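Below is one structure; the comments refer to it alone.
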Amino acid sequence: LAQDMHDDIGASLTKISLLSEVARRSLPEPAVADAQISKISKIARELLNNFGELLWATNPKFDSLENFSAYLREYVAGYLESTAVRPHLVFPSRLPHRQLDSDFRRRLFLVVKGAVHNLVKHSAAIEVEVGLRAGDTVLELQASAGLYTQIDGAHRYVPVGQYKIGLIAAEKRPHLTN
């Protein structure tokens, strides 16, 4: 995590420094300076958002399923707000009380963050559905652009350690599939 923070902050500050210098030299050309300043502003906002995500992910007071659900719902709604994609959020109002360790929460969040980004960027979807469902032994996250048929029946839930997706789950590595 410390390496992620170091890399992210270092790369962003380097970009800000370089863009600031280009903007300073471009002051006689307002259009060029304005473009550089806009890039600086965007990088600074992204850095603040990333830093906020890192702080949330590492703070043990947020290690509950309820908090994860609320944070995820807020993130997805905020992310989709700046796009032409309509969000359809399916989060239960009540969840079982369950603790999630910080590393698991962070990894799960990054999977959903990547999935939503890829749905918006690559699927040409007009609506994206993101949801969470929790049972006694299952935590199910869904992110869909509605372009594929939903799988029901015997193969909807694959036991950990069986078949391709179950083996991936046993290895505790995230996997996205269509």
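The values are calculated or read from the model by the stated rules, or taken from the named source; none is laboratory data. Source: prediction; values computed, not measured. Every residue, glycine as well, gets a Cβ built from its backbone with ideal geometry; the counts of neighbours run over all protein chains shown. These area figures cover heavy atoms from the full protein model, side chains too; ligands, DNA and RNA do not enter into them. Shrake-Rupley method; radii C 1.70, N 1.55, O 1.52, S 1.80 Å.
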Scan D8, D4 and give me the residue that is open to solvent by 40 Å² or more (accessible area, probe 1.4 Å), touching a residue at least 40 places away in the same chain (Cβ under 8 Å), assigned to a helix (DSSP H, G or I) and in contact with a helix residue (DSSP H, G or I) (Cβ under 6 Å, 6 or more places away or on another chain). D8
Filter result for E46 (of a type in the set (D, E, K, R) and in contact (Cβ under 8 Å) with a residue 24 or more places away in the chain): yes
Restricting attention to the stretch 123-136, report how many residues are within 12 Å of S69 (Cβ to Cβ) and buried (at least 17 other Cβ atoms within 10 Å of the Cβ). 4
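Each row is one residue, and each column tells you yes or no for (1) open to solvent by less than 50 Å² (accessible area, probe 1.4 Å); (2) acidic (D, E); (3) farther than 22 Å from R45 by Cβ; (4) touching a strand residue (DSSP E or B) at 6+ places or on another chain (Cβ under 7 Å).
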| position | (1), (2), (3), (4) |
| --- | --- |
| P60 | no, no, yes, no |
| D63 | yes, yes, yes, yes |
| E66 | no, yes, yes, no |
| Y79 | no, no, no, no |
| V85 | yes, no, no, yes |
| D101 | no, yes, yes, no |
| L110 | no, no, no, no |
| K121 | no, no, no, no |
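Select the strands (runs of 3 or more DSSP E) contained entirely in the stretch 50-150, then report the ones holding at least 3 residues which are under 24 Å from S12 (Cβ atoms).
none
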Is it true that A77 is modelled with pLDDT of 80 or more and touching a helix residue (DSSP H, G or I) at 6+ places or on another chain (Cβ under 9 Å)? no
Tally up the residues in the stretch 21-50 that are of a type in the set (S, T, Y) and surrounded by 14 or more Cβ atoms within 10 Å (Cβ to Cβ), please. 1
